[in-house]
Ligand SMILES: C[S@@+](CC[C@H](N)C(=O)[O-])C[C@H]1O[C@@H](n2cnc3c(N)ncnc32)[C@H](O)[C@@H]1O
């Protein structure tokens, strides 16, 4: 059975393959890559009297880190295994002001309207790290006036956001077909998010783009990067593609390894006061 990456069914499958949501393999990403900045930005917004909602928290790393700095955190995710992991972690660490819920916020599971699992006007900070965009639509209901929304977006922000690496032409077809197609509109995420904000009656406050090098140390790591997040029967075995990957390294790699681009975006909105 073939599952489309980043669908709810795919996350349920992935949660049985690896413990939590993370990128496997070993790569070195240059600092100021967006994920580090997102965490800093979120922590700059935390205050002791705040109630925080985290959308799509997965195994709860961010929710558990925020909890000691705020009054409460409500965090949800559609994937039950992730919520099990985070509940256990909270118990082990004695963190009691976080509530974790299994919830699908998509409209088709909530009588046709996006539904966040929070009470009306109960949230001071809305946080979403690489989760679904639809969650923007219910923010005006759950947020208090003046609340801040912060989101980390994995791609589709920078103008070059949809372009393949220069060495991708040398990949065997079995690996090239796994790459997302070059986007006609590389700013697709920006447009979708601004569209959702407008639909919710909100305005973008800020949008930041990050485009930094990441280095893959050897052909094996390139293979791991290219074949994740696909199922075993969808990808060629390493031995079959090794010669092509070694050629790419010979022709393109520098002293730090093979360069790829790592792209992220962050945005912020403020609920009208
Ligand atoms: C790319 S992962 C990001 C996880 C985590 N926030 C992080 O930054 O590592 C996306 C998450 O969204 C969750 N998700 C996807 N669709 C969802 C939905 N309709 N409702 C709730 N959670 C959803 C997945 O289970 C997954 O944990």
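Every number here is computed from the coordinates shown, using simple stated rules; none is lab data. This is a predicted model, so every value here is computed, not measured. Note that we place each Cβ from the backbone using ideal geometry, even for glycine, and neighbour counts take in every protein chain shown.
Please give the FRET efficiency for residue 37 paired with residue 144, using the beta carbon to beta carbon distance and R0 = 35 Å, rounded to the nearest 0.05.
Between residue 37 and residue 144 the formula returns 0.85.
Calculate how many DSSP beta bridges within the chain are antiparallel, expressed in % of all such bridges and rounded to the nearest 5.
Bridges in the chain are about 50 percent antiparallel.
Calculate, for residue 65 and residue 164, the FRET efficiency according to 1/(1 + (r/R0)^6) with r their C-beta to C-beta distance and R0 30 Å; round to the nearest 0.05.
0.30
With the calculation restricted to Cα positions, what are the radius of gyration and Dmax of the chain in angstrom?
Final numbers for Rg and Dmax: 19.7, 60 Å.
In degrees, nearest 10, range 0 to 90: what is the angle between the Cα axis of helix 80-93 and the longest Cα principal axis of the chain?
70
In degrees, nearest 10, range 0 to 90: what is the angle between the Cα axis of helix 238-252 and the longest Cα principal axis of the chain?
90
Based on the mean of other Cβ atoms within 10 Å per residue, sort peptides 163-174, 135-146 so the most packed one is first.
My ranking of the peptides, most packed first, is 135-146, 163-174.
Compute the projected area of the convex hull of the Cα atoms of the range 1-69, averaged over all viewing directions, and report it in nm² to one decimal place.
Projected over every direction and averaged, the Cα hull of the range 1-69 covers 6.3 nm².
Taking the inverse of the average 1/r across all pairs of different Cα atoms in the range 3-128, what Kirkwood radius in Å do you get?
Radius from the Kirkwood sum: 15.7 Å.
Between the alpha-carbon centers of the range 37-76 and the range 86-118, tell me the distance in whole angstrom.
Between the Cα centre of the range 37-76 and that of the range 86-118, the gap is 13 Å.
Need one number: the % of Cα-Cα pairs in the range 43-186 sitting beyond the 26 Å mark.
37
Once you put a point 7 Å from the Cα of residue 110 and another 7 Å from the Cα of residue 247, both along the Cβ direction, what distance in nm separates them?
5.0
Return the whole-Å distance between the Cα centroid of the range 237-267 and the Cα centroid of the range 207-234.
Cα centres, the range 237-267 to the range 207-234: 8 Å.
Return the Rg/Rh value of the range 121-273, two decimal places, where both radii are evaluated on C-alpha atoms and Rh is the Kirkwood radius.
That ratio is 1.10, to two decimals.
Please work out the C-alpha center-to-center distance from the range 1-32 to the range 125-155 and express it in whole Å.
22
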